[in-house]
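Read-outs throughout are calculated quantities, based only on the coordinates presented, and are distinct from any laboratory measurement. Small disclaimer: the values here were computed from a predicted structure and weren't measured. In this analysis, Cβ positions are derived from the backbone assuming ideal geometry, glycine residues included, and neighbour counts consider all displayed protein chains.
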Amino acid sequence: MNVNVDMQWNGEDVKIRGRNCMHKSALEIGLIVESQAKALAPKKTGRLQGSITTQPAEGNGTRPQAPATAADEISPPREPGEVFVGTALEYAPYVEYGTVRTEAQAFLRPALELAKGRALTVVMHNGRYQFAEYLNARA
């Protein structure tokens, strides 16, 4: 029995698609965390809620919304594929963790927990999109 297999090396294309999938998925998960954190943040003045942003290492992130200002924006990460979600407000950690005088009103940690359940779905969707050509060829 002779089996003739025509194999083509697509390593570089696969690496690029994998990187694209990782970056897109990380940003989408970050946006989910941001959305949840804004919904959970206490809204006394709205500045904390408006200051929560998502910053990827590559590309553009979200911007603070009024009454927050551009000075409230967090810095982007340096490592490719990383995404930061948070706020630069100096009082945010006191809200998140509480103090000896005030109760914690966590908004970032619960938002991350809520997003964890959706992370696999986001990565699978983006993986299917990035590798559709290869997945269809095998079907």
- Message: At R0 = 22 Å, how high is the FRET efficiency between Lys116 and Ala66 if r is their beta carbon distance? Nearest 0.05 is fine.
- Response: 0.15
- Farthest toward positive dipole pole in the chain [+1 Lys/Arg, -1 Asp/Glu at C-beta], among Leu120, Pro67, Val85: Pro67
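Taking the Cβ of Glu58 as the centre, find all other residues whose Cβ is under 11 Å away and add up their charges (Lys, Arg: +1; Asp, Glu: -1).
So the environment of Glu58 carries a net charge of +1.
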- Query: FRET efficiency for Glu90 and Ala39, Cβ-Cβ distance as r, R0 = 30 Å, nearest 0.05?
  - Reply: 0.85
- Under 27 Å, Cα to Cα: Lys pairs in the chain, sequence gap 8 or more or different chains: 6
- Query: What angle, in degrees between 0 and 90 and rounded to the nearest 10, separates the Cα long axis of helix 108-130 from the longest principal axis of the Cα atoms of the chain?
  - Reply: 20
- Rounded to the nearest 20 debye, dipole of the stretch 12-138 from Cβ charges on Lys, Arg, Asp, Glu: 300
- Message: Quick one: 3J(HN,Hα) in Hz for the stretch 79-84, Karplus 6.51/-1.76/1.60 with θ = phi - 60°, rounded, Gly and Pro as x.
- Response: 7, x, x, 8, 9, 9
- Once fully extended, how much extra length lies between Asn136 and Val100, figured as 0.36 nm per residue of separation less the alpha-carbon to alpha-carbon distance? 7.1 nm
- Item | From the coordinates shown, Cα extents along the principal axes in Å corresponds to which of (i) 80, 26, 22; (ii) 67, 49, 28; (iii) 44, 34, 24 | (i)
- Note on the structure: From DSSP H assignment alone, runs of 4+ in the chain each adding -39500 (n - 2.57), the sum over residues rounded to the nearest 500 puts [θ] at 222 nm at -16500 deg cm²/dmol
- Count neighbours as other Cβ atoms within 10 Å of each site's Cβ, and list the trypsin sites (Lys or Arg not before Pro) in the stretch 27-104 that are DSSP loop with at most 14 such neighbours. Lys43, Lys44, Arg78, Arg101
- Message: Relative contact order for the chain: what percent, with Cα pairs under 8 Å and sequence separation of 6 or more?
- Response: 27
